1. Mind listing whichever residues of segment A:34-54 are surrounded by fewer than 23 Cβ atoms within 10 Å (Cβ to Cβ) and at the interface with chain B (Cβ under 9 Å from one of its Cβ atoms)?
2. Mind checking which residues of segment A:55-91 are more than 23 Å from residue B:192 (Cα to Cα), within 14 Å of chain B (Cβ to nearest Cβ), surrounded by 15 or more Cβ atoms within 10 Å (Cβ to Cβ) and without any contact (Cβ under 8 Å) to a residue 12 or more places away in the chain?
3. Give the residues of segment B:159-172 that are more than 9 Å from chain A (Cβ to nearest Cβ) and either modelled with pLDDT of 95 or more or closer than 14 Å to residue B:132 by Cβ (or both), sorted by residue number.
4. Within segment B:180-194, restricting attention to residues that are modelled with pLDDT of 95 or more and outside any helix (DSSP H, G or I), which residue is nearest to the other protein chains (Cβ to nearest Cβ)?
5. Among the numbered conditions (1) outside any helix (DSSP H, G or I); (2) over 25 Å from the mean Cα position of the chain (by Cα), tell me where residue B:66 comes up short.
6. Hey, among B:177, B:210, which residue is within 28 Å of residue B:21 (Cα to Cα) and either within 12 Å of chain A (Cβ to nearest Cβ) or not in a strand (DSSP E or B) (or both)?
């Protein structure tokens with residue numbers, strides 16, 4: 001029986017300037033905040049994760065410690081690791097951050113290609129309503 | 001910070017032929033892999049010999065922290081050369097009360113070892129694999145391996161490292177492994193000990209050590225001085241420097257390029273570089 005824990009994709013890159021423990025914690029963090037992982041989902045133990053990612057146990061331990069300090073995961077009895085109940089505020093905050101990032105990219109591109117702020121606003125209005133409109137028409 | 005289950009060496013001394021291994025204190029942490037690196041003749045094999053009982057120390061204490069017995073992989077395969085691998089299993093069954101013949105067969109299969117051949121017909125790398133398979137086929141709390149990847153091709157080395165990774169899933173297990181193939185130590189070790197002239201000159205968390213040191217390539221006059229420059233080595237088209245405290249050095253010399261030091265850089269600079 002495969003449990004959800006084995007479906008967790010974590011990618012480690014040597015060209016990423018961040019230390020490996022941070023690459024791991026940030027990917028698990030976004031899976032929790034985006035809802036890919038939800039409350040009560042089991043995470044692999046840090047030793048299993050170290051084996052699977054071929055990294056040091058010290059590295060996975062540091063990643064899990066950081067996530068635990070943020071209240072995103074809980075370790076039960078020093079063995080099992082589970083996703084904690086995440087406050088709706090935290091999830092909203094996560095979405096806001098990701099939207100901000102997407103808007104920043106859009107704004108940068110608009111500025112570089114001479115598209116005005118009004119045009120950008122117009123696009124956002126259309127998209128936001130358009131999606132909702134789309135759903136109503138079906 | 002020593003914890004229950006750690007393997008502790010205290011006041012270890014072993015001398016012969018003008019060589020002295022002198023280790024005031026060394027701790028191998030339970031649940032982690034420690035890589036012992038250093039030049040040939042630096043004392044790695046002597047240290048491992050003292051730990052496993054194949055060498056008798058002149059002085060010193062060793063405390064295995066109540067661990068299960070150790071599985072040992074020697075630099076030179078000690079198995080009878082005229083035996084076939086298939087017969088080895090019967091020999092080990094007499095030596096180890098909890099010998100697991102099935103596990104041994106599975107590991108030989110995984111390592112693609114032909115069991116119908118005699119030990120002497122195997123390449124060095126294959127003999128190491130047979131030793132590793134034997135060490136993993138009875139319950140141990142610790143594996144002590146002397147140059148286990150010597151003679152293995154890259155794919156076999158990776159298979160071997162995966163077997164060690166699997167062994168380390170159990171937090172009660174400890175691995176001590178010497179190697180002059182520093183890339184293997186970089187891949188597998190949590191902690192590193194650098195042995196030079198019979199002394200442990202550097203030890204600590206591998207990642208911390210690797211981010212602490214840097215290599216700077218500079219002009220050949222070798223005249224670069226400064227805080228943090230600990231070794232200098234003249235090369236055909238310039239001079240390399242070993243920097244202790246890469247981040248601090250870069251803050252005070254933002255115009256210079258300092259690459260992270262690999263364990264190999266570190267080993268070469270510590271043993272062959274001049275003090276700067």
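The values are calculated or read from the model by the stated rules, or taken from the named source; none is laboratory data. The structure displayed is predicted, hence computed values, not measured ones. Counting neighbours? That spans all protein chains shown, and the Cβs are built from the backbone with ideal geometry, glycine included.
1. A:45, A:47, A:48, A:51, A:52, A:54
2. A:75
3. Passing the criteria: B:159, B:160, B:163, B:164, B:167.
4. Ranking the qualifying residues of segment B:180-194, first place goes to B:190.
5. (2)
6. Exactly one residue qualifies, and that residue is B:210.
Yes/no per residue for (1) within 14 Å of chain A (Cβ to nearest Cβ); (2) within 19 Å of the chain's Cα centre (by Cα); (3) crowded, with 16+ Cβ neighbours inside 10 Å:
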{"site": "B:196", "(1), (2), (3)": "no, yes, yes"}
{"site": "B:202", "(1), (2), (3)": "no, yes, yes"}
{"site": "B:229", "(1), (2), (3)": "no, no, yes"}
{"site": "B:236", "(1), (2), (3)": "no, no, no"}
{"site": "B:266", "(1), (2), (3)": "no, yes, yes"}
{"site": "B:276", "(1), (2), (3)": "no, no, yes"}
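Conditions tested, residue by residue: (1) assigned to a helix (DSSP H, G or I); (2) surrounded by fewer than 14 Cβ atoms within 10 Å (Cβ to Cβ); (3) in the same structural domain as residue B:166 (by TED's automatic domain parsing); (4) out of contact with any helix residue (DSSP H, G or I) (no Cβ under 6 Å at 6 or more places or on another chain).
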{"site": "B:15", "(1), (2), (3), (4)": "no, no, yes, yes"}
{"site": "B:24", "(1), (2), (3), (4)": "no, yes, yes, yes"}
{"site": "B:35", "(1), (2), (3), (4)": "no, no, yes, no"}
{"site": "B:39", "(1), (2), (3), (4)": "no, no, yes, no"}
